[in-house]
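J.: The structure follows.
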Amino acid sequence: MTAVSGPVSEALAELPLVDHHCHGAVTADLTGGEFASLITEGEAWPGVSPFDSPVGVAVRRHCAPLLDLPRHAPPADYVARRAELGWQEVNRRFLTAAGAEVFCVDTGYAPHPVTSPAELGRAAGAAACEVVRLERIAEAVAARGVEADGYAAAFRGAAEEAVRRPGVVAVKSVAAYRTGFAFDPAPPTGAEVTEAAAGWLTRGGRLADPVLVRHLLWTAVELGLPLQLHTGFGDADVTLHRADPALLTDWLRLTSGTVPVLLLHCWPYHRQAAYLSAVFAHVHLDVGLALHYSGPARCRAVLEEALEITPFRKLLYSSDAYGVAEFHHLGALSFRRGLAALLQARVDADELSLADALRIAAWAGRDNARRLYGPPVSEPARDPSGRPTRKV
């Protein structure tokens with residue numbers, strides 16, 4: 001997609017974004033194979049390079065210049081230049097290029113050594129907040145040892161302790177991966193939780209019991225913080241049709257009037273998510289992850305479909321970047337260009353006033369997230385003079 005010009009594009013280019021859901025960037029230099037594995041959500045493809053995919057092409061086109069390479073640089077040159085610069089400089093370049101004033105960092109997924117929220121913020125010259133993944137809390141409680149009849153109280157106590165940490169602004173569940181969303185929407189009874197906990201604690205492994213996942217989600221509501229839910233597109237661990245957010249409809253009815261529910265990523269169910277955001281006051285969504293995997297060439301189409309009926313105060317920006325800092329940058333670039341193109345087209349067709357388009361751009365890129373999560377709660381990185389390196 002060719003970048004559009006005009007006041008909407010200019011406003012979005014200058015807008016400090018709030019990336020309301022992302023992960024850390026790796027803290028090690030990567031081989032070609034390691035880098036390739038991090039730019040796909042799938043398994044290794046024998047004889048096929050992940051560079052030969054929409055996201056791989058987008059990396060070579062839009063990220064290579066930030067490494068002082070020509071556009072469309074060959075993969076071997078790209079990986080070699082990355083190694084030459086070193087991971088610290090690579091992270092700094094891409095994270096600052098993202099132009100975010102705040103990163104909300106999910107710390108519950110780290111199969112590789114990655115930056116903490118504070119380290120990510122320092123590299124970007126931005127503020128950073130934490131999103132607590134509740135399944136990880138539950139599994140830590142089980143690993144420490146607990147009796148089945150004490151599990152519910154132990155999990156609640158550990159979750160409350162976690163969300164009291166400085167900088168925590170939200171909680172997250174990956175129920176979509178563990179059980180899918182076709183669960184009994186009612187809160188389980190204490191006896192049901194105890195029985196399910198007895199089985200899980202005997203079996204071991206990760207939390208995937210439907211009763212305990214329901215208990216986790218209802219505990220999240222009681223904690224009172226915004227609740228992020230992975231939906232739709234993810235790695236091969238998700239059974240996609242069970243991650244359709246429309247399956248949450250009955251649960252959303254029961255939780256109406258409680259905490260904000262943020263439906264993350266959503267593709268290919270972004271139209272279902274849009275419906276839910278239109279009919280439930282507490283439901284919001286983003287199309288993160290799909291942004292950089294579709295890239296600037298197609299992100300406008302994804303955003304247009306998401307915005308067919310989504311109320312404009314309900315769409316948020318996220319990158320869901322993990323591992324390679326290219327994705328923090330590419331998600332932001334795709335979002336800015338895609339949203340600018342569709343809003344400008346509506347202005348040109350006299351379907352939107354310019355003033356409305358500028359408001360919608362600011363809402364989606366920053367203000368909707370600030371309304372839900374509050375202002376930044378960690379200080380931005382500062383230069384040696386003590387001045388913030390990015391205005392927050």
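The values are calculated or read from the model by the stated rules, or taken from the named source; none is laboratory data. Given the structure is predicted, the values throughout are model-derived calculations rather than measurements. When we count neighbours, we look across all protein chains shown, and the Cβ atoms used for this are built from the backbone with ideal geometry, even at glycine.
J.: Could you list all residues from the range 215-237 that are β-branched (Val, Ile, Thr) and either at pLDDT below 95 or within 15 Å of Arg271 (Cα to Cα) (or both)?
T.: Of everything in the range 215-237, just one residue is β-branched (Val, Ile, Thr) and either at pLDDT below 95 or within 15 Å of Arg271 (Cα to Cα) (or both), namely Thr231.
J.: Now for a separate question. Using the structure shown, decide if Ala28 is closer than 30 Å to Ser173 by Cβ, assigned to a loop (DSSP other than H, G, I, E, B) and in contact with a His (Cβ under 9 Å, 6 or more places away or on another chain). Write out each step before concluding.
T.: Working: closer than 30 Å to Ser173 by Cβ: yes; assigned to a loop (DSSP other than H, G, I, E, B): yes; in contact with a His (Cβ under 9 Å, 6 or more places away or on another chain): yes.
Criteria met by Ala28.
J.: Does Thr96 fit the bill of being surrounded by fewer than 18 Cβ atoms within 10 Å (Cβ to Cβ) and among the β-branched types (Val, Ile, Thr)?
T.: no
J.: May I pose another question? In the range 297-321, what residues are crowded, with 23+ Cβ neighbours inside 10 Å and assigned to a loop (DSSP other than H, G, I, E, B)?
T.: Thr310, Lys314, Leu316, Tyr317, Ser318, Ser319, Asp320, Ala321
J.: Restricting the search to the range 245-270, which residues are of a type in the set (A, V, I, L, M) and not in a loop (DSSP other than H, G, I, E, B)?
T.: Ala246, Leu247, Leu248, Leu252, Leu254, Val261, Leu262, Leu263, Leu264
Here is a yes/no grid of residues against (1) in contact (Cβ under 8 Å) with a residue 60 or more places away in the chain; (2) touching a Phe, Trp or Tyr at 6+ places or on another chain (Cβ under 7 Å):
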| position | (1), (2) |
| --- | --- |
| Val4 | yes, no |
| Leu15 | yes, no |
| His21 | yes, no |
| Thr31 | no, no |
| Gly47 | no, no |
| Asp52 | no, no |
| Val55 | yes, yes |
| Arg71 | no, no |
| Ala76 | no, no |
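J.: For the range 35-70: of the residues being within 27 Å of the chain's Cα centre (by Cα) and of a type in the set (D, E, K, R), which is nearest to Glu119 (Cα to Cα)?
T.: Glu41
J.: Checking the condition closer than 24 Å to His215 by Cα and either assigned to a loop (DSSP other than H, G, I, E, B) or not hydrophobic (A, V, I, L, M, F, W, C) (or both), which residue from Ala281, Ala273 passes?
T.: Only one candidate passes the filter, namely Ala281.
J.: Right, something else. Could you tell me which of the residues Leu225, Leu229, Leu217, Leu212 is part of a helix (DSSP H, G or I), of a type outside the set (Ser, Thr, Tyr) and under 21 Å from Ala281 (Cα atoms)?
T.: On the way: Leu225 fails: part of a helix (DSSP H, G or I); Leu229 fails: part of a helix (DSSP H, G or I); Leu212 fails: under 21 Å from Ala281 (Cα atoms).
Residue meeting the stated conditions: Leu217.
J.: Please give the number of the condition Asp106 fails out of (1) within 21 Å of Gly224 (Cα to Cα); (2) touching a Ser or Thr at 6+ places or on another chain (Cβ under 9 Å).
T.: Every condition holds for Asp106 apart from (2).
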